[in-house]
Amino acid sequence: MKHKSRLIPLSLALTIVALAMIPHNVWGIAAWGRKYKVDCATCHEPATPRLNALGHQFRKMGYRMETEAGENAKPEPYKELGDWVSVRFRTGYAVERFSDLQTAGNGFNKFRTRNGFRVPDVTLFYAGALTKNLSLFAEVEFVDFDETEVQVFGEWFSGNPDHYFTLRMGQMHTLSRIGWAGFDRPTGITTPDVLAARKLTTSPVSFRVGEDQRGVDAAYAFSPDSRVIVGVYNGVNQAGAGNEGNGAGFGDDNNAKDVLLAFEQMLGESGFTLFGYYGTFDQPAGTVVNGVPLPDNDKYTQFNFLRAGATASWVFNLFDPKKVGSSELQAGYMFAKDFYPESYPVGPSFNGKDRTGQGLWVGVEQRLPHSSAVFYRYDHVSRSNEASGGERRRHTLGAVYTYQQYLRLSLEGFIYDQNSDSFGGLLQAMFNY
């Protein structure tokens, strides 16, 4: 790596840290804040949208407080539209410098440095517990004039805060973004590489654990802090998307279903998650492999794949929590294995009938007053059977600062060691109301 002397500009991060120490009101209110008459910091730490233990329990129970679950439940009555609808707006700026000249592509010329304002997005949320047992979550994100993303699911809840069962069905996050101890949303802008990358092996399989999908999942909480999750989903299409298309599997390109199994354990604000995911992926028929066009036959095009691993988080007090805030160590590991079709036209250099890969991340975070934090994360992905570029390493240093609760400012600098090394930075402004 030749960019170690070009470390991320710490002055910008330190500026945000200094701002975080300035007192200010924290009385902005989002939809659930309006409904329950609390501020967002009640459920979010260190900053929106990441959840603390109370916020995660609220989400696990179908967006219910403990007083709204069980035999003596008293659901909060519907008051007005503002109790249910929220709006999020995000915009930002990005810059990246590559070690090598990047070749021209569709719609752009060759370049070595790129920078500019990022495509803004606006998201509408309508969510909450409708009755003692039913909940609804709807999210519509407008990214560009021709790109709209939808996440919507219904949820059934039965039980009490100590023991309960939930069932979700729709188009939704699977485990990433709704889990715990590494599977919640990140404090900063970017998600760990092992959760966000579609290529964890050198096979044609394009899949990431963080992909939204269509399907159903069930969870049983046998204590307030422990639950098992089982999910059955359509899977992803040939482009790796789980929420697009209308193919044979109504979104993917086969009728086989993918399966998720996870165990989640909360330990106060800390905890861990164990997970496994087994699925099916179809390579497009007609793709030329070693000079042979693939026939439209599952024996030639249909891959199976496995993803398994664990994440963990430890929140502790390195400094006086009344003056500064808690500290956190977070880590995750994932193993990936892709199984080739029975009659795949392998070449002379092909070794075996599968491809493997693995990835990990380790992060440290210091939380600061007024819903702010600084953090560092190291990502590492290793892919077997790759002649060059099989190792990917990423160093990320960042900070978040919340201003009057409605506005979250995030800054990340990164050094990326891959086939074409690069370094750069991301700045994001996120408004929530």
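Just so it is clear, none of the values below were taken in a lab; they were calculated from the coordinates. Please read all numbers here as calculations on a predicted model, not as lab measurements. No Cβ is skipped: glycine too gets one built from the backbone with ideal geometry, and neighbour counts run over all protein chains shown.
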*Go ahead and set up a Gaussian network model of the chain, Cα springs under 10 Å, then flag whichever of ASP162, ASP146, ASP225 fluctuates most.*
ASP146
*Which values, in whole Å and largest first, are the semi-axes of the equivalent ellipsoid of the chain obtained as the square root of 5 times each eigenvalue of the Cα gyration tensor?*
36, 29, 20
*Show which aspartates and glutamates lie in cross-link reach of LYS199 when reach means a straight Cα distance below 13 angstrom and same-chain residues fewer than eight apart are skipped.*
GLU211, ASP338, GLU386, GLU391
_Multiplying the sequence separation of THR113 and PHE263 by 0.36 nm and subtracting their Cα-Cα distance, what value in nm do you get?_
49.7 nm
_Ranking of HIS44, HIS380 by count of other Cβ atoms within 10 Å, fewest first_ = HIS380, HIS44
*Packing-based exposure ordering (other Cβ within 10 Å, fewest first) of THR174, THR356*: THR356, THR174
_Rule-of-thumb Rg ratio for segment 298-433 [Cα; 2.2 N^0.38 Å; N residues]_ = 1.45
_Give me the one-decimal nm value for the distance between modelled label points at VAL230 and LEU306, 7 Å along each residue's Cα-to-Cβ direction._
2.0 nm
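Tell me the net charge near THR91. Cut-off is 9 Å between Cβ atoms, THR91 excluded, with +1 for each Lys or Arg and -1 for each Asp or Glu.
Here the charged neighbours net out to +1.
What number, rounded to the nearest 500 deg cm²/dmol, is the helix-based mean residue ellipticity at 222 nm of the chain, given -39500 (n - 2.57) per DSSP H run of at least four residues and division by all its residues?
When only DSSP H runs of four or more count, the value is -2000 deg cm²/dmol.
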*Scaled to the compact-protein estimate 2.2 N^0.38 Å, what is the alpha-carbon radius of gyration of segment 40-159, rounded to two decimal places?*
1.52
*Dipole axis of the chain (+1 Lys, Arg; -1 Asp, Glu on Cβ), positive-most option in VAL122, PRO345, GLY291*: VAL122
*Normalised per residue, the volume of the convex hull around the Cα set of segment 121-274 (Å³)*: 133 Å³
*Which residues in segment 400-421 have a backbone N closer than 20 Å to a point placed 7 Å from the Cα of GLU391 along the Cα-to-Cβ line?*
414-421
*Enter the mean projected area of the convex hull around the alpha-carbon atoms of segment 42-109, in nm², rounded to one decimal.*
9.3 nm²
*Which order results if GLU412, GLU68 are arranged by neighbouring Cβ count within 10 Å, fewest first?*
GLU68, GLU412
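About the Cα centre of the chain, what is the dipole size in debye to 20, counting +1 per Lys and Arg Cβ and -1 per Asp and Glu Cβ, all else neutral? All intermediate terms of the calculation are to be shown ahead of the outcome.
Working: 43 positive and 46 negative charges, 219 e Å.
So the magnitude is around 1060 debye.
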_About the Cα centre, and with charges only on the beta carbon of Lys, Arg (+1) and Asp, Glu (-1), how big is the dipole of segment 193-347? Nearest 20 debye, please._
260 debye
*How big is segment 101-162 by the Kirkwood estimate over distinct Cα pairs, in Å?*
15.7 Å
